[in-house]
Amino acid sequence: MAPRQKTNEARRILHSTAIAPTEPLILDAFTSDPAGRILHLVLSKREQGAHVIGLYCGYAPLELIRAIKGIPAFLCASSGKTIAAAEAVLPANLCPLIKSSFGYIRTKSCPFYELSEVVIGETTCDGKKKMFELIAPLKPTHVMDLPYQPVEEGTLARWTDRVRRLKAFLEETFAAEIAAERIEAEIRETNLKCRLMDRVFDYAALDPSALHWSELLDIIAVEPLMGGEEFHRFVSPLLQRLETRAAGGIGFARPGSPRVLVSGCPIGGEAKKVLRIVEEAGGVVVALEGCSGMKGYSIRIDEGTGDPLAAVAAATLKIPCACMTPNRRRFDALDEMIRRFRPHAVIDVILQACHTYNIESWQIERHVQERHGLPFLKIETDYSQSDVEPLRTRIEALLESC
Amino acid sequence: MKGIGLDIGSRTVKLVVCENGVIKMTRKEANTHDPLSLCRDMLCGIEADRIIATGYGRHLLGGYLPCETVSEIKAFARGSQAIHKPCSTVLDIGGQDTKAISLDDKGKIARFQMNDKCAAGTGRFLEVMATALGLSLEDFIEAAASAETAEPVNSMCAVFAESEVISMIARGSSRAGIALGIHQAVARRAVSLLEKVSVREDILFAGGVALNPCMRTQIEEQLGRLVIVPQDPQIVGALGCALMASEE
Ligand code: SF4
Ligand code: SF4
């Protein structure tokens, strides 16, 4: 989750584009404070009696969390401010996301962690896995043991068992039962929200793209905090506004702006510098492949199977994270995104010391170049601003070659 | 049409003037803490229709005079093609950047790679190492060229390499051998960057470090191929800009 920040990205670039939208997409009390909107949502749900449950990533099934009357709060992990505090304990040569999160927790500055009654983690990578050991004494922390070979025999059974253990943990902690019908109902909610998100993405696919990346990130941040109906009410006026933009040919691009798909590690907070540089170099970010972007929404959960918990487990195991091996689904999903969003270039963003995404980047490069004939750039970065100029050189060179 | 190309590098500012594709003038100055004033001085008295800048300081002139910018990758690709048409691969080792570019048959950029954000493997790294050995850059290069065997240096971080070198001296290793070891380490780095973009001949070696004959030999040895060093390897980027600026 992004730290509190008051800039309105979409508005910032309006002046540089001739045909850009003139009104913000999300018109509410938090138009210029998207992080405030998230905090407000979490706080108001909590006042209505929801348990705040701290999360890191999409492998934690949200259907179970909502079924126990929980509200998922993705923990702050995208600011460099807390890294120095983290490095007093953690090694410097570690993914900035992990360091940032740990630093937030250590300095008690992540409001979502402070509000959380429990935290759910997964063994997606070594850094997170070991960091969870350090935060576990502070607050009930349930770590799900994630198997890495998604299509091997037995993997799904093992993961289904881990999802069942999470259910038991939640039931015990909150002294309540999660009935199968509740999970089934939440599956329908998730699918409804995914379909709505898909309609939002349609506008990013337009040329010119009618949806700015910062608007996309703002909507994605809200989605997990709302039920299906509530999200429908939230997103309907946005879809109307997007439709008006589209009908008027209004969008975020100058003629000839190269369209860019950004893939790789989650991008939030200070890592958004990459998206800004793309824009300053004359490109338009039309698709975000990473977990902070669109990747998760392409997965639908089977409805009416008679075993909703198993259906949830099967769906989450389909998340194409680089921790999986082999990670065939990521390449398939990328093919689909390239077909849909028609980028002119792909930028793979690797957070420093994230070995899985870093190594997989080589395969992504080959795939993007050979299969799609697109220019490709891998960027390794962290949350500091010190590499902005070298990044600018690389990104400008990439866009020149489009 | 007359065009000016400026390559505002971390160590040196290079200026080339071209008219209808022909070089009319070149200038080079060591960069200062005030690169904008330096550029203004260098531009003084030159009339042209268009200016294009590249290098880390390329966005500097924008507020002062009408000046377009291109990335170093594009500038070096264009300049290399002009200097040596059959060139398919470009290696540029400058003051703070190392880059490898591969060009397709039409001279378009196919792939490029740049060094990490630190000075490892750049001209600056060689300067720091020369100082650590108590040698001027010229003597450092000469020592490396005269060494019979190299003392292997492993660290590529300027800070770590400096302490590695100091402990090697303390162990009694020869300065010439260490100097050669440093050249080999930088060459290894450059070659691995080249391999990432795929190495096809002809290979043009540009940038200030291409003036260093020992580095050239080391790179050729490790690549197992010959490289072409232009007469003035430092102006390749500025030339690329000047050529673009002198076109309609
Ligand atoms: S990239 Fe992998 S570990 Fe990170 S949030 Fe996504 S699924 Fe989780
Ligand atoms: S970005 Fe990579 S290293 Fe960092 S938390 Fe995610 S999976 Fe782990």
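The values are calculated or read from the model by the stated rules, or taken from the named source; none is laboratory data. This structure is a prediction, so every number in the text was calculated from the model and none was measured. FYI the Cβ positions are ideal-geometry reconstructions off the backbone, even for glycines, and counts take in every protein chain you see. Ligands, DNA and RNA are excluded from the accessible area calculation, which covers all protein heavy atoms including side chains. Shrake-Rupley method; radii C 1.70, N 1.55, O 1.52, S 1.80 Å.
For every residue, the table says whether it meets (1) open to solvent by 40 Å² or more (accessible area, probe 1.4 Å); (2) assigned to a loop (DSSP other than H, G, I, E, B); (3) under 30 Å from B:ILE46 (Cβ atoms); (4) not assigned by TED's automatic domain parsing to the domain that holds B:ALA48.
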site: B:ILE169; (1), (2), (3), (4): yes, no, no, yes
site: B:GLY177; (1), (2), (3), (4): no, no, no, yes
site: B:HIS183; (1), (2), (3), (4): no, no, no, yes
site: B:ALA187; (1), (2), (3), (4): no, no, no, yes
site: B:LYS196; (1), (2), (3), (4): yes, no, no, yes
site: B:GLU201; (1), (2), (3), (4): yes, yes, no, yes
site: B:THR217; (1), (2), (3), (4): yes, no, no, yes
site: B:LEU239; (1), (2), (3), (4): no, no, yes, no
- Residue in the stretch A:356-367 that is among the hydrophobic types (A, V, I, L, M, F, W, C), more than 16 Å from ligand 2 (Cβ to nearest atom) and more than 10 Å from every other protein chain (Cβ to nearest Cβ) present: no
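Out of the stretch B:116-128, which residues are open to solvent by less than 60 Å² (accessible area, probe 1.4 Å) and either farther than 22 Å from B:LEU6 by Cβ or in contact with a Phe, Trp or Tyr (Cβ under 9 Å, 6 or more places away or on another chain) (or both)?
Across the stretch B:116-128, the qualifying residues are B:ALA119, B:ALA120, B:GLY121, B:PHE125, B:LEU126, B:GLU127, B:VAL128.
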- Task: Name every residue in the stretch B:30-73 that is farther than 19 Å from A:VAL388 by Cα, crowded, with 18+ Cβ neighbours inside 10 Å and charged (D, E, K, R), in order of residue number.
- Result: B:ARG50
- So which of A:ALA10, A:ALA2, A:ALA60 is of a type in the set (Gly, Ala, Ser), under 20 Å from A:CYS265 (Cβ atoms) and at pLDDT below 95? A:ALA2
- Message: Of everything in the stretch A:65-117, what is buried (at least 18 other Cβ atoms within 10 Å of the Cβ), in contact with a helix residue (DSSP H, G or I) (Cβ under 9 Å, 6 or more places away or on another chain) and hydroxyl-bearing (Ser, Thr, Tyr)? Give them in sequence order.
- Response: A:SER78, A:SER79, A:THR82, A:SER100, A:SER101, A:TYR104, A:TYR113
- Pairs under 6 Å by beta carbon, first residue within 16 Å of ligand 1 (Cβ to nearest atom) in the stretch A:38-59, partner open to solvent by 30 Å² or more (accessible area, probe 1.4 Å), six or more apart or different chains? A:LEU55/A:PHE74; A:GLY58/A:CYS291; A:GLY58/A:GLY296
- Query: Among the residues of the stretch A:127-147, how many are within 16 Å of ligand 2 (Cβ to nearest atom), touching a helix residue (DSSP H, G or I) at 6+ places or on another chain (Cβ under 8 Å) and open to solvent by 10 Å² or more (accessible area, probe 1.4 Å)?
  - Reply: 6
- Item | Criterion (under 21 Å from B:ILE219 (Cβ atoms), within 13 Å of chain A (Cβ to nearest Cβ) and either at pLDDT 90 or above or open to solvent by less than 30 Å² (accessible area, probe 1.4 Å) (or both)) met by exactly one of B:GLN96, B:GLN113 | B:GLN113
- Could you check the stretch A:297-402 for helices (runs of 4 or more DSSP H) lying wholly inside it with 3 or more residues that are open to solvent by 30 Å² or more (accessible area, probe 1.4 Å) and at pLDDT below 95? A:388-400
- Note on the structure: Within the stretch A:108-128, residues being within 19 Å of the chain's Cα centre (by Cα) and of a type in the set (Asp, Glu) number 1
